[in-house]
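None of the figures in this text is laboratory data; all of them are computed from the coordinates on show. Quantities reported herein were computed from a predicted structural model and do not represent experimental measurements. Ideal geometry is used to build each Cβ from the backbone, glycine not excepted, and the neighbour counts take in all protein chains shown.
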Ligand code: TRP
């Protein structure tokens, strides 16, 4: 029996290269070794996009296209939509009794997301979404969760919930491990956290020209004003991209930057070429799947069926452990 992986994404729009190095890359790499479940987390969009639900379906399609085009393979792995699995909502209900308000308020990612959301007050569902994420992970009794840096706090909370449940009711859940990617937090072109909405992201769907244009405006080492100034790759965003997408040549580039034998303009041009080389096969696959919607539809139908089967088994175990099976009464 293979160990299980569960991870996924919020459908809020196209995915970016930060998602790739943070989590997608690990998913693709581990598809053969693990039994993988990938969730499109539509409930989670409601936390900060409650008034734009008419956009969700298209955004779900967008995420699925991103997945297919980077090589996540529904022939090997299971794709599903969070709200199509009622057992996740049930598990969230039980788990919500096992987490204190103080613990939820301490979650640094929730705090940060609330701040950038611009919302005036935080809903119960927003504060509690890490509990629902724990239910996503544990409904299939997953062992490992490939995520970017920002989701490590949620996996930590999931581990606490799994341990608490097991202690109170007997061992039902594995205590899952987070697995962060090669570059857990790739900065945006402005050096801030790469984000869908801040105009600082390079998307998997960007055209070669868009990539070139964005990279050309990226903030580099602020102390390097003239090409003859010696650079500091360790504080340069573009160097981070070299490290992520041009790994073999990264030490050489860093050396030339420090010696000032390459300027930022040339370094950026080189980076754009490398990024476009990386994105080209992804663009081709996207074009292929875009005109074959039946592949996505079949993947979802099969994936939801498979996840329901797994989830029903888990929820049976949970109800039994919690004495919620009412065997005498019913
Ligand atoms: N919170 C994740 C994100 O920011 C999405 C997500 C929802 C998730 N459920 C999950 C990630 C379960 C890992 C495991 O995109």
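Brief remarks follow.
- Here 98, 1 are placed in order of increasing Cβ neighbour count within 10 Å, fewest first, which gives 1, 98.
- Per-residue ellipticity at 222 nm from helix content only, as computed over the chain with -39500 (n - 2.57) for each DSSP H run of at least four residues, stands at -16000 deg cm²/dmol.
- Distance from the alpha carbon centroid of segment 231-245 to that of segment 99-155 works out to 30 angstrom.
- Cα shape, segment 268-320, gyration tensor, a/c 1.5 rule: oblate
- Here 297, 141 are placed in order of increasing Cβ neighbour count within 10 Å, fewest first, which gives 297, 141.
- Antiparallel DSSP beta bridges within the chain, as percent of all bridges there, nearest 5: 10 percent
- The value obtained for segment 70-217, namely the Cα convex hull volume divided by the number of residues, is 147 Å³ per residue.
- Residue exposure sequence - 32, 325 - by fewest surrounding Cβ within 10 Å: 32, 325
- Separation between Cα centres of segment 65-82 and segment 274-296, rounded to whole Å: 13 Å
- If you model the chain as an ellipsoid using its alpha carbon gyration tensor, with each semi-axis the square root of five times an eigenvalue, the axes come out at 39, 22, 18 Å, biggest first.
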